[in-house]
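Below is one structure, written out as structure tokens, with a few remarks after it.
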Amino acid sequence: MGTRLELRDLTVELPTPTGWVRPVDSVSFALGEGEALAVVGESGSGKTMLALALMGLLPPGARAAGDARLQDASANGNGPAGHAHITPAPSASLSDSPRHASGKNLLTASPAEMRALRGRRIAMIFQEPMTALNPMMRAGAQIAEAIRAHERGLAAEEVRRRVLRALERAAVPEPERRARQYPHELSGGLRQRVMIAMALAAGPGLLIADEPTTALDVTAQKQILDLLETLRRELRLSLLFITHDLGVAARVAERVGVMYAGRIVEEGAATDVFRRPAHPYTTGLLRAAPGLGRNKLESIPGTVPPLNALPPGCAFAPRCALHAAACDTAVPELISVREDDGHRARCILAGGKA
Amino acid sequence: MSGTVVAAANGAEPLLEVRNLRKSFSRASGPLSVAESHAGGLAAAVDGVSFTLARGETLGIVGESGCGKTTLARLLLRLIEPDSGEMRFRGQDWLGARGAELRTLRRRIQMVFQDSAASLDPRMRVGTIVGEPLAIHEPRLPRAGRLARAGAMLEAAGLGHEALFRYPHEFSGGQRQRIGIARALILHPELVVADEPVSALDVSVGAQILELLDRLRREFSLSLLLISHSLPVVAQLATRVAVMQRGRFVEMGAAEQVLQSPQHTYTRELLAAVPRIPAGDFSP
Ligand SMILES: Nc1ncnc2c1ncn2[C@@H]1O[C@H](COP(=O)(O)OP(=O)(O)O)[C@@H](O)[C@H]1O
Ligand code: SF4
Ligand SMILES: [Mg+2]
């Protein structure tokens, strides 16, 4: 299976007492089938809002603009996705966007259309599994519910078989026993696995993982990251992985987007971004990360600016040691760092680093 | 390693001396991870732990969740009583302390928690929260004096005076951790036990909090017991690190040494699980 996601100028706006704010501002990227992309940033940078917009789960009152399309790998880019319940024709407002000849724009899909896509084509897991799990229901029953939501009329025995298969796929030991347990009877790592089993039960091609290991300790984290890697390989799953931890991003993804105050400020191959960061914010994050050497602590001074008081130009300017007057005239563009290797940074100093 | 007391770096009398500390929970009431990993009715959460802590020193304690770190912290603060073992604090019998002696010693040991959001009363103003230990231990201090000291402590923790009159929910996770630290320091303790102080925070915010703890340690001549599941986090501040597994210290040594040449298999496993950032030319 496997799904491609193309995102163009995704913008999310939220109403606040002092006016609209933009937690996500013109984010664009493509995520290929079976590929992993990590979105890295501090809390409040807009990562979760980005994910919720793709899932059609934005909070009430929020509005999303831009273009986000899923495309089945099997469709080879030559036509609509193969699922009958997906409206094949692009919506009228997007007819001027020939790059997205197939699939429905997730940002303009109706709630019913999104319900049909969620779980089946695109699924999400969270930092806190209890966000997704019902504390009053046994683990197995919740996975069964996720399966039945998309395939009504399955025989009970068949559902049971699929529940066990989903748990096995998520490497849950003793699946029969775990299926009968309630979420609170499971350890943090197991709850995370149950949530993964549930998310993948209806066979989505794209998984969005929002800080799925942040609440776990390093050993449990490693197991979940290993599991996600296996699933990616075996199911050709595309993975959008959200994290504040650069080490985790480097471990999970080939490509990275660094987000700051709602904007992508640096993107490229993980090796390029981590080895030769071009944005001072990325450099600061890398220096603040505890390494295996006994390094001197070096944190970035200050905090992320509030969305209703963003600086006029570069949003990182108040914290940037390299800040100059030219940084304040306009929001810097994403510019290529070197030749055309896709490594780009939103900093006026980013070019000419060949 | 249980049974032997590893001497602190300098020869002076240690601030804290812990010998063979042991605490078991009955299977039914114990935390899940402990209960699950032990057969039989009793599970030792802390199973014969010994160490010393010098004045001004930072000792790191590392291990997976459920290995007994928080139980150890609660024992050190005497929030729970051990089954057996000894503890000496400033040369005095800390476990035997009662009444007035217990109260004076108690204010010298304070704790910083992982989730300061959960440990701060949402209906109380920050000034009341930070000043509360003063209200308990120095009841004759008038409210204005309490607020003045709370304000000074908030400033030392990197927040402005105006924080006094706001509520915890108005602050970010990192700022709430600063509030928790100000509250822990207001009685000028000699020992601060920080249990996973940065694991609920972003790496970048966590780095700021670690910096703050280290600065306050120097400013207030504190000893710091830094507990975390992450060895690299702990090694940024600690001079010595103890690695804890199933209630025991399986390795203890200078931070560099434990990081660079871990001796115990478990320490190596912990280190191998840490996701690495590829080395690059951004490092200073
Ligand atoms: N319901 C809401 N109403 C208004 N602002 C919100 C709401 N939820 C989140 N925000 C704001 O949106 C921004 C991005 O939040 P979020 O996507 O949760 O960031 P992240 O996932 O990177 O932590 C933050 O500034 C946050 O305060
Ligand atoms: S544009 Fe200017 S302020 Fe922004 S990151 Fe680059 S140098 Fe710093
Ligand atoms: Mg988030």
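Any idea how many residues of the range A:294-306 are open to solvent by less than 50 Å² (accessible area, probe 1.4 Å) and either within 16 Å of ligand 3 (Cβ to nearest atom) or over 22 Å from B:Leu201 (Cβ atoms) (or both)?
First pass over the range A:294-306, keeping only residues open to solvent by less than 50 Å² (accessible area, probe 1.4 Å): A:297, A:299-300, A:302, A:304-305.
Then keep just the ones that are either within 16 Å of ligand 3 (Cβ to nearest atom) or over 22 Å from B:Leu201 (Cβ atoms) (or both); that gives A:304.
Qualifying residue count, the range A:294-306: 1.
Could you please find all residues in the range A:249-285 being part of a helix (DSSP H, G or I), closer than 19 Å to A:Cys314 by Cβ, more than 16 Å from ligand 1 (Cβ to nearest atom) and in contact (Cβ under 8 Å) with a residue 24 or more places away in the chain?
Narrowing the range A:249-285 to residues part of a helix (DSSP H, G or I): A:249-252, A:270-275, A:280-285.
Still in the running and closer than 19 Å to A:Cys314 by Cβ: A:273, A:280-285.
After this cut, where a residue has to be more than 16 Å from ligand 1 (Cβ to nearest atom) as well, the list is A:273, A:280, A:283-284.
Listed by number, the residues that qualify are A:Val273, A:Pro280, A:Gly284.
Looking only at the range A:311-328, which residues are in contact with a His (Cβ under 9 Å, 6 or more places away or on another chain) and either acidic (Asp, Glu) or within 16 Å of ligand 1 (Cβ to nearest atom) (or both)? If you could, list the steps in order and put the result at the bottom.
Going through the range A:311-328, the residues in contact with a His (Cβ under 9 Å, 6 or more places away or on another chain) turn out to be A:314, A:316-317.
Correct list: A:Phe316 only.
Yes or no: the range A:255-271 includes at least one residue that is acidic (Asp, Glu) and either within 16 Å of ligand 3 (Cβ to nearest atom) or at positive phi (or both).
No - not one qualifying residue is present in the range A:255-271.
What pairs can you find where one residue is in the range A:313-331 and basic (Lys, Arg), the other is more than 16 Å from ligand 1 (Cβ to nearest atom), and their Cβ atoms are less than 8 Å apart, with a gap of 6+ or different chains?
Going by the 8 Å Cβ cut-off, the qualifying pairs are A:Arg319/A:Gly284; A:Arg319/A:Pro301.
Select from the range A:307-328 the residues that are within 10 Å of ligand 2 (Cβ to nearest atom), more than 14 Å from chain B (Cβ to nearest Cβ) and either over 28 Å from the mean Cα position of the chain (by Cα) or open to solvent by 80 Å² or more (accessible area, probe 1.4 Å) (or both) and list them in ascending order.
Of everything in the range A:307-328, those that are within 10 Å of ligand 2 (Cβ to nearest atom), more than 14 Å from chain B (Cβ to nearest Cβ) and either over 28 Å from the mean Cα position of the chain (by Cα) or open to solvent by 80 Å² or more (accessible area, probe 1.4 Å) (or both) turn out to be A:Pro318, A:His323, A:Ala324, A:Ala325, A:Ala326, A:Cys327, A:Asp328.
If B:Thr239 satisfies every condition in (1) of a type in the set (Ser, Thr, Tyr); (2) more than 9 Å from chain A (Cβ to nearest Cβ); (3) crowded, with 21+ Cβ neighbours inside 10 Å but one, which is the exception?
The one condition B:Thr239 does not meet is (3).
So A:His323 fits all but one of (1) part of a loop (DSSP other than H, G, I, E, B); (2) in contact with a strand residue (DSSP E or B) (Cβ under 9 Å, 6 or more places away or on another chain); (3) over 24 Å from A:Arg251 (Cβ atoms); what number is the exception?
(2)
When the residues of the range A:335-349 are narrowed to those that are basic (Lys, Arg) and either open to solvent by less than 80 Å² (accessible area, probe 1.4 Å) or part of a loop (DSSP other than H, G, I, E, B) (or both), which ends up nearest to ligand 3 (Cβ to nearest atom)? If you could, list the steps in order and put the result at the bottom.
Pass one, the range A:335-349, residues basic (Lys, Arg): A:338, A:344, A:346.
Next, from what is left, pick out any that are either open to solvent by less than 80 Å² (accessible area, probe 1.4 Å) or part of a loop (DSSP other than H, G, I, E, B) (or both): A:338, A:346.
On the way: A:Arg338: 31, A:Arg346: 21 Å.
Filtering the range A:335-349 for residues that are basic (Lys, Arg) and either open to solvent by less than 80 Å² (accessible area, probe 1.4 Å) or part of a loop (DSSP other than H, G, I, E, B) (or both), the one nearest to ligand 3 (Cβ to nearest atom) comes out as A:Arg346.
Confirm whether A:Ala278 is small (Gly, Ala, Ser), surrounded by fewer than 23 Cβ atoms within 10 Å (Cβ to Cβ) and more than 9 Å from chain B (Cβ to nearest Cβ). Before you say what the answer is, go through the steps one by one.
On the way: small (Gly, Ala, Ser): yes; surrounded by fewer than 23 Cβ atoms within 10 Å (Cβ to Cβ): no; more than 9 Å from chain B (Cβ to nearest Cβ): yes.
The answer is no for A:Ala278.
If you scan the range A:23-59, which residues turn out to be assigned to a loop (DSSP other than H, G, I, E, B) and within 13 Å of ligand 1 (Cβ to nearest atom)?
Within the range A:23-59, the first condition is being assigned to a loop (DSSP other than H, G, I, E, B), and the residues that meet it are A:32-35, A:41-46, A:56-59.
Passing the criteria: A:Gly41, A:Glu42, A:Ser43, A:Gly44, A:Ser45, A:Gly46, A:Leu57, A:Leu58, A:Pro59.
Look through A:Thr219, A:Thr230, A:Thr243 and report the one residue that is at the interface with another protein chain (Cβ under 8 Å from one of its Cβ atoms), of a type in the set (Ser, Thr, Tyr) and closer than 22 Å to B:Ala272 by Cβ.
Matching residue, one of A:Thr219, A:Thr230, A:Thr243: A:Thr219.
Which number in (1) at pLDDT below 95; (2) in contact with a Pro (Cβ under 6 Å, 6 or more places away or on another chain) marks the one condition that A:Gly153 misses?
With (1) at pLDDT below 95; (2) in contact with a Pro (Cβ under 6 Å, 6 or more places away or on another chain) applied to A:Gly153, the lone miss is (2).
Quick check on my filter: what residues within the range B:242-273 are open to solvent by less than 20 Å² (accessible area, probe 1.4 Å) and β-branched (Val, Ile, Thr)? Even if it seems obvious, please write down each step before you answer.
The first filter runs over the range B:242-273 and keeps only residues open to solvent by less than 20 Å² (accessible area, probe 1.4 Å), leaving B:242-244, B:247, B:249, B:251, B:253, B:255, B:258-259, B:266-267, B:270-271, B:273.
Of everything in the range B:242-273, those that are open to solvent by less than 20 Å² (accessible area, probe 1.4 Å) and β-branched (Val, Ile, Thr) turn out to be B:Val243, B:Val258, B:Thr267.
So, of the residues in the range A:46-60 that are more than 14 Å from every other protein chain (Cβ to nearest Cβ) and over 14 Å from A:Pro111 (Cα atoms), which turns out to be farthest from ligand 2 (Cβ to nearest atom)?
We begin by selecting, within the range A:46-60, every residue more than 14 Å from every other protein chain (Cβ to nearest Cβ); these are A:49-60.
Right, trim to over 14 Å from A:Pro111 (Cα atoms) and you get A:49-51.
Working: A:Met49: 22, A:Leu50: 21, A:Ala51: 25 Å.
Residue satisfying both the conditions and the ranking: A:Ala51.
Being under 20 Å from A:Pro23 (Cα atoms), of a type outside the set (Gly, Ala, Ser), surrounded by fewer than 17 Cβ atoms within 10 Å (Cβ to Cβ) and more than 16 Å from ligand 3 (Cβ to nearest atom): is that true of A:Pro332 here?
Details: under 20 Å from A:Pro23 (Cα atoms): yes; of a type outside the set (Gly, Ala, Ser): yes; surrounded by fewer than 17 Cβ atoms within 10 Å (Cβ to Cβ): no; more than 16 Å from ligand 3 (Cβ to nearest atom): yes.
Answer is no for this residue.
Which of the residues belonging to the range A:1-45 are open to solvent by 30 Å² or more (accessible area, probe 1.4 Å) and within 16 Å of ligand 3 (Cβ to nearest atom)?
A:Leu14, A:Ser43, A:Gly44
I'd like to check something: does the range A:238-248 contain any residue that is charged (D, E, K, R), within 13 Å of ligand 1 (Cβ to nearest atom) and farther than 27 Å from A:Gly313 by Cβ?
Kept after step one, since they are charged (D, E, K, R), are these residues of the range A:238-248: A:245.
If we keep only those that are within 13 Å of ligand 1 (Cβ to nearest atom) too, we end up with A:245.
From what is left, the residues that are farther than 27 Å from A:Gly313 by Cβ are A:245.
Checked against the condition, which is being charged (D, E, K, R), within 13 Å of ligand 1 (Cβ to nearest atom) and farther than 27 Å from A:Gly313 by Cβ, the range A:238-248 yields at least one hit.
Residue-by-condition table, conditions (1) among the hydroxyl-bearing types (Ser, Thr, Tyr); (2) out of contact with any Asp or Glu (no Cβ under 6 Å at 6 or more places or on another chain); (3) under 22 Å from A:Ala116 (Cβ atoms); (4) in contact (Cβ under 8 Å) with a residue 40 or more places away in the chain:
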position: A:Glu6; (1), (2), (3), (4): no, yes, yes, yes
position: A:Gly19; (1), (2), (3), (4): no, yes, no, yes
position: A:Pro23; (1), (2), (3), (4): no, yes, no, yes
position: A:Ala30; (1), (2), (3), (4): no, no, no, no
position: A:Pro59; (1), (2), (3), (4): no, yes, yes, yes
position: A:Ala62; (1), (2), (3), (4): no, yes, yes, yes
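Are there helices (runs of 4 or more DSSP H) fully within the range A:107-214 with at least 1 residues that are open to solvent by less than 40 Å² (accessible area, probe 1.4 Å) and within 14 Å of chain B (Cβ to nearest Cβ)? List them.
Values: elements: A:111-117, A:139-148, A:156-169, A:175-179, A:188-200.
Hits in the range A:107-214: A:175-179, A:188-200.
Looking at A:Leu216, A:Leu200, A:Leu246 in this structure, which one is of a type outside the set (D, E, K, R) and free of Cβ contacts under 8 Å to residues at least 40 places away in the same chain? Please lay out each step first, then the result.
Values: A:Leu200 fails: free of Cβ contacts under 8 Å to residues at least 40 places away in the same chain; A:Leu246 fails: free of Cβ contacts under 8 Å to residues at least 40 places away in the same chain.
Result of the check over A:Leu216, A:Leu200, A:Leu246: A:Leu216.
May I ask you to verify whether B:Leu270 is in a helix (DSSP H, G or I) and at pLDDT below 95?
Numbers: in a helix (DSSP H, G or I): yes; at pLDDT below 95: yes.
Yes, satisfied.
Scan (1) modelled with pLDDT under 90; (2) open to solvent by less than 30 Å² (accessible area, probe 1.4 Å) for the single condition B:Ser283 breaks and write down its number.
All conditions are met except number (2).
Picking from B:Ile209, B:Ile181, which residue would you name as being within 9 Å of another protein chain (Cβ to nearest Cβ), under 19 Å from B:Asp115 (Cα atoms) and of a type in the set (Val, Ile, Thr)?
Criteria check complete, one pass: B:Ile209.
Check B:Ile227 against each of (1) open to solvent by 10 Å² or more (accessible area, probe 1.4 Å); (2) not in a helix (DSSP H, G or I) and name the one condition it does not meet.
The failed condition is (1).
The values are calculated or read from the model by the stated rules, or taken from the named source; none is laboratory data. A quick note: this is a predicted structure, and the numbers were derived from the prediction, not measured. Neighbour counts are summed over all protein chains in view; Cβ atoms, including those assigned to glycine, are modelled from backbone coordinates with ideal geometry. Calculation scope for accessible area: heavy atoms of the full protein, side chains included, ligands and nucleic acids excluded. Shrake-Rupley method; radii C 1.70, N 1.55, O 1.52, S 1.80 Å.
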